[in-house]
Amino acid sequence: MKQIGEYLDMAAIDPLQWAYLPTSQMAITAIFEEARKGGVFAAIRDMHIALGICDDDGLALRLWSFVADDFVAPPWYVRVNAERIAA
């Protein structure tokens, strides 16, 4: 029986894919927390702000959808929670 590593090219797997393609507000928040230390996460944060994926405060404006293969507006409940926090 084959192991998972035999099916996947482990060198091709990007360990920061979750940061480049955030699928949740939690991922955006983690990027912003790690960006305080500088390094690659600061560059990823700045890229997301420049592309309109999130705002300067770390609020997700668009999230990655593997189904759409693109960034889409967050689900309604993410937007409602952000509005409640801002009020």
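The values are calculated or read from the model by the stated rules, or taken from the named source; none is laboratory data. Please read all numbers here as calculations on a predicted model, not as lab measurements. Reconstructed Cβ throughout: ideal geometry from the backbone, glycine too, with neighbour counts over all protein chains shown.
Observations on the model:
- Qualifying residues in segment 40-71 (those that are in contact with a Ser or Thr (Cβ under 7 Å, 6 or more places away or on another chain) and of a type in the set (A, V, I, L, M, F, W, C)) - the one farthest from residue 25 (Cα to Cα): 64
- Single residue of 70, 9, 14 found to be modelled with pLDDT under 90, of a type in the set (D, E, K, R), out of contact with any helix residue (DSSP H, G or I) (no Cβ under 8 Å at 6 or more places or on another chain) and surrounded by fewer than 13 Cβ atoms within 10 Å (Cβ to Cβ): 9
- Within segment 16-27, being closer than 12 Å to residue 63 by Cβ and assigned to a helix (DSSP H, G or I) holds for 18, 25, 26, 27.
- Hits in segment 28-52 (condition: outside any helix (DSSP H, G or I) and either touching a Cys at 6+ places or on another chain (Cβ under 7 Å) or on the phi > 0 side of the Ramachandran plot (or both)): 38, 39, 52
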